[in-house]
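Chemist: Here it is: the structure, laid out below.
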Amino acid sequence: PTQPPSTLPPQQSHYSLTMASRTTITATGRSSSNSVVDVLDRVIGLSPTNGGDGGANGESEKFIASDGFRGPRAGYAFRTSEEFGTGYHLDDDENDEDENGNNGTAALSSSHGERKRARFDSSRDTTRVIPPRAAAAANKKTKVPLSGEELLAEAEEALASSSSQGGGRHARILDPTPRGVRIASQGLERAMSRNALARAQHPDDPSKFMTSELALNDEILTFKAAAADVTSYVALEECGVVASLLTLMEHENSDVAMAAIGVMAELLDPDLLTSAADDGGDVGGVARRGMGILADAFVDGGGLDLLSSNLGRFDEAVEEDAAGVEDALTLAESLLDLDRAGVLRADAMADGRGGTKDNAPPSSVASCLCERTSFVSWLFRRIGREDSDDVDNDSSQPDKPTTSAVSVSPAVVRLHASEVLSAVLQHEDYSSRRCGRRLAKLPEYTSAFDDDDNNRDGTNDTKMAAKDDDGDKNGSKKKEDENNTIDGIEILLLAVAAYRKSDPSVEAECEFLENAFDALAASLLREDNVDDFVEAEGIELMLRCVRQRVHAGGPALRVLDFALSGSSQSSSPPLPPHSSPGATLCDGAVDDNAYGRACETFVSAGGLRILFPLFMGRRSAVPCPARCSEGGSDLAMRKGDKSSKRARRAARARRRWLAEAERNAIGIVYALTRHVGVDSKHDAHARLLAKFVEEDCEKCDRAIELCLKYDERARIAEYEYYRSEEAEEAESSSGRPLGTEHAELAALDAKLRGGGGVFHMCCAVLSFACVGSRRCRCHVLDQLKLQGSGMSVIKEGLIEFATLLGDGTQKSQIEHYITEL
């Protein structure tokens, strides 16, 4: 402390000496060495050791004259007063300073021991208190936390500003070449690593990792450009892009998962194969192989399970989440289409990944969705939810968007879900019982992210402790949860029942109704669903729709056809066509004849009174299509000029509607003649046979008319095929093995599609009437002679029908008709 002034820093020497000399003059009773020490203490910001600038007795001077501010003095405030003038005034209220600093002084806090610096304000001639760094840090910690929207906006602004300054990341444009894909994949991995590190370092502060999350989202969306060149898909799989996207589908942020799903939906669009095939050359084959590799990698990597699980954490009330649900459904639908086209299976066979006997891969995407995931349960749950319940418009939740703010409406999502469900249930693996189970006993939808959501609260440890204490109680509760199921048949029937009295008002509702009927009809190809359909009074509901002559009556006839027809072996214990001996139905149930019981229920419900007017072709009994549909529009109903394309298209739709109603009526009549026996309940056999005898056998006349009409159509279709270019190509290749057989099968297929299948059923219906009633037999023979034909037409149709059937009760019945005739 007694070092000479020459050793002081150059900036402080003159100032310190001046203050030292001035202190020596004004402060009496103090040595110059002590005055120098006090001055140095004040320069470096320390408090005086002797209690301030005072005399020997520790008492401070009330005023120290000064013509200007010479630096801070402990216990003094520089100001101008009327009593003393300009200078340093003793601060008498030092210990009673207001917390807000209203007295305008800077003092030393004796209670906390913290230093406060004073800055001179020349405009007000007062001092302003500047808080130390510790106080500033405390104020930062007490800042009000930002909401999610504010954090996102702040991160987007920071990302945009860093990009505009040239020091941040810029939007990447993917080069669809192997080198460009490799560079983009490396950028994606770096973005994933940075985001994972930021989340690990600041798990409770989203503002710290929000910017890295936005950068990661941009890197993901970069790969959408790869869809411009399908031939680059092989490089995507080799560089691990598919594996990275699958990892991102498990991300904690659902927006990142939605971005990954959207990219996969863009890349696996089946329309890209059509565009590549139009380019010609080998591009189509390379694109097909690349698409198969990419889709197969997604399925083998567990993408379907992740896709199903993500649907559980998307909130359709939020615009972005609703778009994410649409992308997920689009991706599932694209995979089903690619599987149906043989793209996935062809790729698996080419790579030799056929699997082993113990660990065989699923035969189709539909099998994976039915067996490994609860995706079908989510579809049923979404279809069963009304549009009005999709979005909560409660005013007590102002932050939740309403329906008007959502670009993807709930009706669109519901329609899309019905389309995907119809595609799954119409797959051959489900109809042949290779996968899936009864729709009335579907498990509840579960998501892999449900456990993560439950573990976020603070009660997880308590729950685990309670689980250890009450193991038996929780074990029984778990069994009850496993037994929770949903009834898919009931959900579909409730969706259809909304239109049992009225027509759909818009085209979207009409499409949804058609999809619901398609799914219901496809499910009835499995005999284990027929009994549940009958128990749920599905037959009565379908008959009511037909009787009301609403739009739902048309597809209701198709559902009744599926519900009563069954397969060629349905009267015997039904097994899948490719199952091994001793195989059983799903859930261990083997049914004897569910379709026979359905036919008995149809007769007891008064279905014959509704069916035969349709069979007779009376227009007054045919259901009318809705005005929002193409077949029910004003253009279709107008009988005038059909010059415009829309009018001709509407007229064709109307004719298809009437033709389908006629074919379904014939199919239902044939199903009744096939499954109703002499020992059937409710006198079903006698009541059915009486319909052909009454009114002077008019039903037999109608059956003869239909038989001859469809026989003529089938022959014309076969003749047109043989004159087509396809037949000429088949004949030119007849020298090759199986060339002639292929041509004959193609001709038979054209004949059956042209009306041969309906002709066979009409022949079986006439045979049922002739074998059961002698009066009908004589009447049929007389009518055939009047038409210039004979019973040989019926016999030939039955023989051809029998050759197309496999061994079973249906074939045995047809052969019995041939013998009796």
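The values are calculated or read from the model by the stated rules, or taken from the named source; none is laboratory data. Nothing here was measured: the structure is a model prediction, and the numbers come from that model. When we count neighbours, we look across all protein chains shown, and the Cβ atoms used for this are built from the backbone with ideal geometry, even at glycine. We work out accessible area using only protein heavy atoms, side chains counted, and drop any ligands, DNA or RNA first. Shrake-Rupley method; radii C 1.70, N 1.55, O 1.52, S 1.80 Å.
Chemist: So which residues in the range 772-782 are buried (at least 18 other Cβ atoms within 10 Å of the Cβ) and part of a helix (DSSP H, G or I), if there are any at all?
Modeler: GLY772, CYS776, ARG777, HIS779, VAL780 - these are the residues of the range 772-782 that are buried (at least 18 other Cβ atoms within 10 Å of the Cβ) and part of a helix (DSSP H, G or I).
Chemist: How many residues are open to solvent by 10 Å² or more (accessible area, probe 1.4 Å) and modelled with pLDDT of 85 or more if we restrict to the range 266-303?
Modeler: Count: 15.
Chemist: For the range 296-316, name all the residues that are closer than 19 Å to VAL343 by Cβ, in a helix (DSSP H, G or I) and not charged (D, E, K, R).
Modeler: Matches in the range 296-316: ALA297, PHE298, VAL299, GLY303, LEU304, LEU307.
Chemist: So which residues in the range 776-811 are within 17 Å of ILE704 (Cβ to Cβ) and among the β-branched types (Val, Ile, Thr)?
Modeler: Listed by number, the residues that qualify are VAL780, VAL793, ILE794.
Chemist: Restricted to the range 422-444, and to residues that are within 16 Å of GLU490 (Cβ to Cβ) and part of a loop (DSSP other than H, G, I, E, B), which residue is most open to solvent (accessible area, probe 1.4 Å)?
Modeler: ARG437
Chemist: Now, a different point. From the list ALA750, ALA802, exactly one residue is within 18 Å of ARG713 (Cα to Cα) and either at pLDDT below 90 or touching a helix residue (DSSP H, G or I) at 6+ places or on another chain (Cβ under 7 Å) (or both). Which is it?
Modeler: ALA750
Chemist: Shifting gears a bit: Between residues in the range 439-453 that are β-branched (Val, Ile, Thr) and residues that are surrounded by 18 or more Cβ atoms within 10 Å (Cβ to Cβ) and at pLDDT 90 or above, which pairs lie under 8 Å by C-beta distance while being six or more apart or on different chains?
Modeler: Here the result reads THR446/SER374, each pair linking the range 439-453 to a residue that is surrounded by 18 or more Cβ atoms within 10 Å (Cβ to Cβ) and at pLDDT 90 or above.
Chemist: Restricting attention to the range 363-387, report how many residues are in contact with a strand residue (DSSP E or B) (Cβ under 7 Å, 6 or more places away or on another chain) and either among the β-branched types (Val, Ile, Thr) or modelled with pLDDT under 90 (or both).
Modeler: Total satisfying the criteria: 1.
Chemist: Out of all the residues in the range 514-561, which are aromatic (Phe, Trp, Tyr) and out of contact with any Gly (no Cβ under 9 Å at 6 or more places or on another chain)?
Modeler: PHE533
Chemist: Count, please, the residues in the range 402-414 that happen to be hydrophobic (A, V, I, L, M, F, W, C) and either surrounded by fewer than 20 Cβ atoms within 10 Å (Cβ to Cβ) or at pLDDT 95 or above (or both).
Modeler: Going through the range 402-414 one residue at a time, the tally reaches 4.
Chemist: Can you list residue pairs whose Cβ atoms sit under 7 Å apart, with the first residue in the range 667-695 being more than 23 Å from LEU557 (Cβ to Cβ) and the second being crowded, with 17+ Cβ neighbours inside 10 Å? Count only pairs 6 or more apart in sequence or on different chains.
Modeler: What qualifies is GLY677/HIS685; VAL678/HIS685; LYS681/GLU600; VAL693/SER773; VAL693/CYS776.
Chemist: So, in the range 651-682, exactly how many residues are surrounded by 15 or more Cβ atoms within 10 Å (Cβ to Cβ) and acidic (Asp, Glu)?
Modeler: 2
Chemist: Provide a single number: the residues in the range 412-448 that are under 13 Å from VAL376 (Cα atoms) and charged (D, E, K, R).
Modeler: The total comes to 5.
Chemist: Right, another one. What number goes with the only condition from (1) closer than 14 Å to ALA769 by Cα; (2) under 38 Å from the mean Cα position of the chain (by Cα); (3) not β-branched (Val, Ile, Thr) that ASP634 does not pass?
Modeler: (1)
Chemist: Would you pick out the residues in the range 791-812 that are within 22 Å of HIS779 (Cβ to Cβ) and either touching a residue at least 12 places away in the same chain (Cβ under 8 Å) or not charged (D, E, K, R) (or both)?
Modeler: Once the filter is applied, which keeps residues that are within 22 Å of HIS779 (Cβ to Cβ) and either touching a residue at least 12 places away in the same chain (Cβ under 8 Å) or not charged (D, E, K, R) (or both), the range 791-812 yields MET791, SER792, VAL793, ILE794, LYS795, GLY797, LEU798.
Chemist: When the range 605-637 is examined, which residues are found to be farther than 19 Å from ALA686 by Cα, surrounded by fewer than 19 Cβ atoms within 10 Å (Cβ to Cβ), out of contact with any helix residue (DSSP H, G or I) (no Cβ under 6 Å at 6 or more places or on another chain) and not basic (Lys, Arg)?
Modeler: Of everything in the range 605-637, those that are farther than 19 Å from ALA686 by Cα, surrounded by fewer than 19 Cβ atoms within 10 Å (Cβ to Cβ), out of contact with any helix residue (DSSP H, G or I) (no Cβ under 6 Å at 6 or more places or on another chain) and not basic (Lys, Arg) turn out to be GLY617, SER620, CYS624, ASP634, MET637.
Chemist: Just to be sure, is SER244 closer than 20 Å to ASP337 by Cα and in a helix (DSSP H, G or I)?
Modeler: Answer is no for this residue.
Chemist: To continue, here is another question. If you check LEU708 against the conditions, is it in contact (Cβ under 8 Å) with a residue 60 or more places away in the chain, open to solvent by less than 20 Å² (accessible area, probe 1.4 Å) and part of a helix (DSSP H, G or I)?
Modeler: Spelling it out, it is not the case that LEU708 is in contact (Cβ under 8 Å) with a residue 60 or more places away in the chain, open to solvent by less than 20 Å² (accessible area, probe 1.4 Å) and part of a helix (DSSP H, G or I).
Chemist: A further question on this structure: With respect to LEU805, determine if the residue is within 47 Å of the chain's Cα centre (by Cα), open to solvent by less than 50 Å² (accessible area, probe 1.4 Å) and of a type outside the set (Val, Ile, Thr).
Modeler: Against the criterion (within 47 Å of the chain's Cα centre (by Cα), open to solvent by less than 50 Å² (accessible area, probe 1.4 Å) and of a type outside the set (Val, Ile, Thr)), LEU805 qualifies.
Residue-by-condition table, conditions (1) over 21 Å from ALA661 (Cβ atoms); (2) at pLDDT below 95; (3) open to solvent by 40 Å² or more (accessible area, probe 1.4 Å); (4) polar (S, T, N, Q):
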{"position": "PRO504", "(1), (2), (3), (4)": "no, yes, no, no"}
{"position": "ASN529", "(1), (2), (3), (4)": "yes, yes, no, yes"}
{"position": "MET542", "(1), (2), (3), (4)": "no, no, no, no"}
{"position": "THR584", "(1), (2), (3), (4)": "yes, yes, yes, yes"}
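Chemist: Taking the condition modelled with pLDDT under 90 and surrounded by fewer than 21 Cβ atoms within 10 Å (Cβ to Cβ), does ARG648 pass?
Modeler: Spelling it out, ARG648 is indeed modelled with pLDDT under 90 and surrounded by fewer than 21 Cβ atoms within 10 Å (Cβ to Cβ).
Chemist: Within the group GLY606, GLY596, which residue is closer than 30 Å to SER502 by Cα and modelled with pLDDT of 50 or more?
Modeler: Just a single option satisfies the conditions, and that option is GLY606.
Chemist: Still on this structure: Is there any pair linking a residue in the range 195-208 that is at pLDDT below 90 to one that is among the aliphatic types (A, V, I, L, M) and open to solvent by less than 90 Å² (accessible area, probe 1.4 Å), with Cβ under 8 Å and at least six apart or on different chains, and which?
Modeler: Between residues of the range 195-208 that are at pLDDT below 90 and residues that are among the aliphatic types (A, V, I, L, M) and open to solvent by less than 90 Å² (accessible area, probe 1.4 Å), the close pairs are PRO206/LEU151; SER207/LEU146; SER207/LEU151; SER207/ALA155; LYS208/ALA198.
Every residue, every condition in (1) closer than 30 Å to MET291 by Cβ; (2) open to solvent by less than 40 Å² (accessible area, probe 1.4 Å), yes or no:
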{"position": "ARG179", "(1), (2)": "yes, no"}
{"position": "GLU189", "(1), (2)": "yes, no"}
{"position": "MET192", "(1), (2)": "yes, no"}
{"position": "ASN195", "(1), (2)": "yes, yes"}
{"position": "ALA200", "(1), (2)": "no, no"}
